[in-house]
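Q: Pasting a structure below so you can have a look.
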Amino acid sequence: MNEIEELYQDIILEHYQTPRNKGTIIGPHSESVLYNPLCGDEVKVEVKKDGDVIKEVVFSGRGCALSQAAASMMTELVKGKKVEEAVQLKEKFFSMLKGSAEDEELVVLGDAQALRGVSKHTARIKCVTLAWEALEKCLERLSNKADR
Ligand code: ZN
């Protein structure tokens with residue numbers, strides 16, 4: 001492992017051991033649970049919107065360090081953002097995994113840039129996309145209802 005990879009490893013472990021926004025939302029919200037049978041990961045995401053803004057976003061679940069750290073990073077990134085911005089972040093994250101984004105573009109992903117090495121391990125990609133897919137499902141459900 002080179003120095004950069006070690007640094008990334010530290011960021012991932014730190015999120016796994018001290019997850020951000022882990023828990024549940026009391027009151028009206030949208031939720032989605034997704035599974036990654038290949039690895040045994042389970043990630044549940046809960047979202048509460050205020051108008052156009054993601055007011056609260058939390059996750060819970062279990063599985064490998066990558067899946068849980070990715071969920072923690074995702075919540076940290078999209079909390080307080082507009083839905084539109086969250087969707088753009090998701091697209092950015094996916095293009096990072098496909099290797100089709102420039103380094104400078106990825107700065108907006110903050111700690112989640114630490115997951116870029118996963119692109120070289122196709123079997124693990126699902127681990128880190130699970131939380132983002134669950135987020136998208138929550139947002140879709142919320143947009144099909146009146147804002148609340
Ligand atoms: Zn996994």
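Q: Just for the chain, what percent of DSSP beta bridges are antiparallel, to the closest 5?
A: Around 95 percent of the beta bridges assigned by DSSP in the chain are antiparallel ones.
Q: Calculate how steeply helix 3-17 sits against the longest principal axis of the alpha-carbon atoms of the chain, using the helix alpha-carbon long axis, and give the answer as 0 to 90 degrees to the nearest 10.
A: Helix 3-17 and the main axis of the chain meet at about 40 degrees.
Q: Cross-link partners among lysines for K48, C-alpha distance below 26 Å, same-chain residues fewer than 8 apart left out?
A: Filter leaves K22, K79, K81, K82, K90, K92, K126, K137, K145.
Q: Continuing with the same structure: May I ask you to give the percent of accessible area on the chain that is carbon plus sulfur, with a probe radius of 1.4 Å?
A: Carbon with sulfur: 50 percent of the solvent-accessible area.
Q: Additional query: Rounded, prolate or oblate: which fits segment 64-142 when a ≥ b ≥ c are the square roots of the eigenvalues of the alpha-carbon gyration tensor, with rounded for a/c under 1.5 and prolate only if a/b beats b/c? Provide the component values of the computation, followed by the final result.
A: On the way: a/c = 1.68, a/b = 1.24, b/c = 1.35.
Oblate, because a/c is 1.5 or more while a/b does not exceed b/c.
Q: Quick check on packing: order 103-115, 60-72 by the mean number of other C-beta atoms within 10 Å, highest mean leading. Walk me through the numbers on the way to the answer.
A: Working: 103-115: 16.0, 60-72: 22.0.
Output ranking for 103-115, 60-72: 60-72, 103-115.
Q: Here's a follow-up. If DNA, RNA and ligands are ignored and the probe is 1.4 Å, what is the ranking of E3, E14, E84 by accessible area, most exposed first?
A: Final ranking, largest accessible area leading: E3, E84, E14.
Q: Using each residue's phi in segment 130-143, evaluate 6.51 cos²θ - 1.76 cosθ + 1.60 at θ = phi - 60° and report the 3J(HN,Hα) Karplus result to the nearest Hz, with x for Gly and Pro.
A: Ordered by residue, 3J(HN,Hα) equals 3, 5, 5, 5, 5, 4, 4, 4, 4, 5, 4, 4, 5, 6 Hz.
Q: Taking only C-alpha pairs under 8 Å that are 6+ residues apart, what is the relative contact order of the chain in percent?
A: Working: 254 pairs, mean separation 43.4, N = 148.
The normalised contact order for the chain reaches 29 percent.
Q: Find the Rg to Rh ratio for the chain, where Rh is the Kirkwood radius over alpha-carbon pairs and Rg uses the same atoms.
A: Working: Rg = 14.6 Å, Rh = 15.3 Å.
Value, to two decimals: 0.96.
The values are calculated or read from the model by the stated rules, or taken from the named source; none is laboratory data. The shown structure was predicted, so the numbers you read here are calculated from the model rather than taken from an experiment. Cβ: placed from backbone, ideal geometry, glycine included. Neighbour counts: every protein chain shown. Side chains included, ligands, DNA and RNA excluded: accessible areas come from the protein's heavy atoms. Shrake-Rupley method; radii C 1.70, N 1.55, O 1.52, S 1.80 Å.
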